[in-house]
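S.K.: Have a look at this one before I ask anything.
The values are calculated or read from the model by the stated rules, or taken from the named source; none is laboratory data. Remember, predicted model here, so these are calculated numbers, not experimental data. Cβ atoms come from the backbone with ideal geometry, glycine included; neighbour counts cover every protein chain shown. Quick note on the areas: whole protein, heavy atoms, side chains included, nothing else; ligands and nucleic acids left out. Shrake-Rupley method; radii C 1.70, N 1.55, O 1.52, S 1.80 Å.
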Amino acid sequence: KPEADSHIPTADCRPATAGPSILSYLVLNLTDHTSQPKQRLVAVACLATLGAVYHKGHDSNAPMEQWSPFAPSRSRIIGKTSSSTNMRCRPLVGDSRLLAVVLSALLICLGFRGTYVSTEKAGELYRASSNAGADSEALKSASDQASKESTEATDRAARAASDLVDTLDAAREAADSLRRVAAAAAHKKRVADRAAAVAATAAAAKKKGGDEGPTAIATVRERTVALEDGTEASFSVFGRSDEDVSVFVLPYDTQRKRFSLIEEFHPGPNRKMIGLVAGMYEAKHGGSPQKAAVWELSEEAQLKLGDDSRIVPLASKAKGGFSQDKYSSAHFRPFLALDCITDDRPRPRDREESIKVHSDISADELRGMIGEGKLNIPSTAFAVMGLKWLEDNDLL
């Protein structure tokens, strides 16, 4: 509303409504980060045109707040007489309308549509969004189906693995049973061979007119030897043959500093005794006394060689091993077995072997057993040799 002393008619002071609308639209296009470069370029051009038109119609010496034709409360100030110009409100309103028409035409010519989306474009976007949703549902369904099939396949594989384990266990039991049968058959053959040898010896003695005597398992042979004085002498020799070899093994754990010994019945003294792992070297052992030592470790002590284990011969320079005694053809080959591990599938023992394994014997306990006569002569001798070797190599 004009002041009381103002000579400007009220009808001449209508607010310039077109200007603020255009200016606001252009400023929004400049400040909106989603506007395209073309939109911003057009907005800058239009603002430059607007500034040029209004600057031309105003007094350059007037205060800056008098230049604006957009605020309704200030429109009447511009209508006051200036020292350099006598412009009033109505012409400025006309300029604003003219400017709106010019700017609209410019925008249309440039093909500028703002940031609005057409109905067709909106429809396309909606259809694309719907298709994407359908595709997402299809992918989810396919993923669920694949997950279900994967779970079923895993279950089938687990069942198959379980069946395979059962089959392997059954095969292992069958193999162990076959090995026991084979061991029993081998034992019967050894007994039969010894009986045949005894029978042959007895027949030879009877043919010479001697007494057959009681039947025995041990083989006794008569050996005639020429003496230095030119005469001959006959000696009874015990043993299977001149190639009669047995192995003795002393297991020792270098980390725990403990020996493993076995306890079993000895038919000669007719009592149980402590001793080293021992057994006869036979063809089944694979061609060497060392392999026979590994075989007996599994059979009697239920031990086997691991990655850090080793077999040490205690008589590597003794040709043929140690002779048992004066009237025996048997020879002994002693070994140390260092850092063996438990054999989960040991070789079956002979039917008559009832063995107890002692795996926690210290060096002092072993010396005490030797002094008390709990070991036979071969086991005592080779235990002493083993203790000496371990002392020399700083392993006790």
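S.K.: Grab the Cα-Cα distance for residue 149 and residue 284, subtract it from 0.36 nm times how many residues apart they are, and report the gain in nm with one decimal.
M.R.: 43.3 nm
S.K.: If I model a spin label as a point 7 Å beyond the Cα along the Cα-Cβ vector, how far apart are those points for residue 134 and residue 316 in nm?
M.R.: Here the modelled spin labels are 8.4 nm apart.
S.K.: With every protein chain present, what is the per residue accessible area of region 261-396 (1.4 Å probe, Å²)?
M.R.: With the other protein chains kept in place, region 261-396 gives 55 Å² per residue.
S.K.: May I ask which of 257/319; 304/374; 189/374; 317/356; 304/356 have a Cα-Cα span longer than 21 Å here?
M.R.: Flagged as over cut-off: 257/319; 304/374; 189/374; 317/356.
S.K.: Quick one: if the Förster radius is 45 Å, what FRET efficiency do residue 235 and residue 156 give, using the C-beta to C-beta distance and rounding to 0.05? Write down the numbers at each step before the final one.
M.R.: Values: r = 74 Å, r/R0 = 1.65.
Given R0 = 45 Å and the Cβ-Cβ separation, E is 0.05.
S.K.: Go through 373-385, 316-328 and give me the packing order, highest mean Cβ count within 10 Å leading.
M.R.: On the way: 373-385: 17.8, 316-328: 11.8.
Final packing ranking: 373-385, 316-328.
S.K.: Distance in nm between label sites at residue 341 and residue 361, each 7 Å beyond Cα in the beta-carbon direction?
M.R.: Those two pseudo-labels are separated by 2.5 nm.
S.K.: Take each of the peptides 253-265, 332-344, 124-136, average the number of other beta-carbon atoms within 10 Å over its residues, and list them starting from the highest.
M.R.: So the order, starting with the most tightly packed, is 332-344, 253-265, 124-136.
S.K.: Still on this structure, please answer the following. Could you tell me the calculated FRET efficiency between residue 228 and residue 200, based on Cβ-Cβ distance and R0 = 30 angstrom, to the nearest 0.05?
M.R.: Using R0 = 30 Å, I get an efficiency of 0.40.
S.K.: Right, another one. So how far apart, in nm, are the two label points at residue 257 and residue 354 if each is 7 Å from Cα heading toward Cβ?
M.R.: Inter-label distance under the simple model: 3.6 nm.
S.K.: Could you pull out the GluC sites (Glu not before Pro) across region 293-396 that fall in loop regions by DSSP (anything but H, G, I, E, B) with no more than 12 other Cβ atoms inside 10 Å?
M.R.: Passing both the DSSP loop test and the Cβ count: 352, 372.
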